[in-house]
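The values are calculated or read from the model by the stated rules, or taken from the named source; none is laboratory data. The structure displayed is predicted, hence computed values, not measured ones. Every residue, glycine among them, receives a Cβ derived from its backbone with ideal geometry; neighbour counts consider all protein chains shown. Keep in mind that these areas ignore ligands, DNA and RNA; they rest on the heavy atoms of the full protein, side chains included. Shrake-Rupley method; radii C 1.70, N 1.55, O 1.52, S 1.80 Å.
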Amino acid sequence: MNEYREIWTDADFDDMGWHDATMYSMDMPREGTFSVSFDIDYIFKWHKDGNRFVGWDVAPCTLRFENVSGLKASLNWMNDGGTNDAYTCIVAITRSNARPTPNGQLTVWDYHIELNSGEIDFSATGYNQTLRSPAVYSETQDLPRATWRP
């Protein structure tokens, strides 16, 4: 199944939705770089049979924001029962407050990523989302990943 584009950008924002996209990791900014990346499983299509969802077209993607500033994160994986719930998915990504950069060459947006386990806020000049492999039909909203062991 290779019917989906490989690269999406902030110009596609109004056509994209990240609801229920599983988030596996966040690559923090490093000295000399001003980008933040997320490893996600992006859901391209929801398949329904009547009122019931029966599958999804899902692909592993890298979602990378450029020229990031003001990064704030608040995360809590403790569930109501007092145990850790390490599953993290995106509820929504919104943007607001478009304004020109000081040199007037780019537009800066304030981004808000709402997660089931918290939120991440920052300003950025845009993003790109790149497929790391083609989308596949899955009966779950995420794809199997190798288990990380220290």
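Structure values in brief
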{"item": "Area of MET78 that stays accessible when all protein chains are in place (1.4 Å probe, Å², to 10)", "result": "100 Å²"}
{"item": "Computed label-point distance, nm, for sites TRP77 and GLU139 using a 7 Å Cα→Cβ extension", "result": "2.7 nm"}
{"item": "Compactness index (Cα Rg / 2.2 N^0.38 Å), region 38-145", "result": "1.28"}
{"item": "Shape of region 57-108, Cα gyration tensor, a/c cut at 1.5", "result": "prolate"}
{"item": "Carbon/sulfur fraction of accessible area - the chain, other protein chains in place, 1.4 Å, %", "result": "50 percent"}
{"item": "Charge-dipole axis of the chain as Lys and Arg at +1 and Asp and Glu at -1 on Cβ define it, positive-most pick from THR130, ILE93, TYR42", "result": "THR130"}
{"item": "Residue-wise HN-Hα coupling along region 5-16, computed from phi with Karplus coefficients 6.51, -1.76, 1.60 (Hz; x: Gly, Pro)", "result": "4, 7, 10, 10, 10, 4, 5, 9, 3, 5, 9, 10"}
{"item": "Most fluctuating residue given options PRO60, PRO100, PRO29, as computed from a GNM of the chain linking Cα atoms under 10 Å", "result": "PRO100"}
{"item": "Local net charge near GLU6, Cβ-Cβ under 13 Å (Lys/Arg +1, Asp/Glu -1)", "result": "0"}
{"item": "Sites PHE53 and THR101 - FRET efficiency at Förster radius 41 Å, r taken between beta-carbons, to 0.05", "result": "0.50"}
{"item": "Average accessible area per residue (Å²) across the chain - probe 1.4 Å, nucleic acids and ligands excluded", "result": "61 Å²"}
